[in-house]
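S.K.: Right, I'll just put the structure down here and ask away after.
The values are calculated or read from the model by the stated rules, or taken from the named source; none is laboratory data. Bear in mind the structure is a predicted one, so any value in this text is a computation, not a measurement. Every residue, glycine as well, gets a Cβ built from its backbone with ideal geometry; the counts of neighbours run over all protein chains shown.
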Amino acid sequence: MNIQITFRHIPSSSALKQYAEEKITKLTKSLKEPVEVHIIFTQEKKANTVELTVTSAGKELYAKEQGIDMYAAIDLIYDKLYKQLTKLKEKKKKHTGITSMRHLSQPAVEEENDEVMVIPETDYFVRPMTTEEAVLQLDMSGTPFIVYLDAGDEKVNVVFKRGDGHYGLIETGARFK
């Protein structure tokens, strides 16, 4: 873990550095290495501000807090970032089933099993329709793709939603008999 600490309009304090490093180390244990942390301590008039940016595995967490003193601001930032990390982990768990981000950095162990399992999801009925109707059906169904029989040339086609929000069309050339 790489920690950079910057003091603006305040003298450098080793006790403050140590306190911040301890809090951040607790917080970033579950993050994928390498972890970059940048802490900025700022004092303007009577306002004590702490800004913290944590970067790990392409994700960036940011928090900014003001407190009575720097230690109170660090505690407030710890609470904010803890909530952000919890939310990120829940999102990751929801999408991948993995609870720890550290798990992602470990190489996957492949089992030596030559048998491939195919698990049927649902029955699928191919219906004749136009490409426009297939796009409308795709929007209404919420499925990732629609297989349909083109009403004009009676070929089997697939319409799918692309990552950029547009639609893709695969024309198979196969005729339905």
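S.K.: Evaluate the stretch 67-81: report whether one residue or more is over 13 Å from Ala20 (Cα atoms) and in a strand (DSSP E or B).
M.R.: The answer is yes, given that some residue of the stretch 67-81 is over 13 Å from Ala20 (Cα atoms) and in a strand (DSSP E or B).
S.K.: Taking only the stretch 30-66 into account, find how many residues are of a type in the set (Gly, Ala, Ser) and in a loop (DSSP other than H, G, I, E, B).
M.R.: The qualifying residues number 3.
A quick yes/no check of all residues on (1) among the hydrophobic types (A, V, I, L, M, F, W, C); (2) under 21 Å from Thr86 (Cβ atoms); (3) over 24 Å from the mean Cα position of the chain (by Cα):
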{"position": "Ala15", "(1), (2), (3)": "yes, no, yes"}
{"position": "Ala20", "(1), (2), (3)": "yes, yes, yes"}
{"position": "Leu31", "(1), (2), (3)": "yes, yes, no"}
{"position": "Val50", "(1), (2), (3)": "yes, yes, yes"}
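S.K.: Go through the stretch 129-176 residue by residue and tally those that are in contact with a Leu (Cβ under 7 Å, 6 or more places away or on another chain), at pLDDT 85 or above and not in a strand (DSSP E or B).
M.R.: 1
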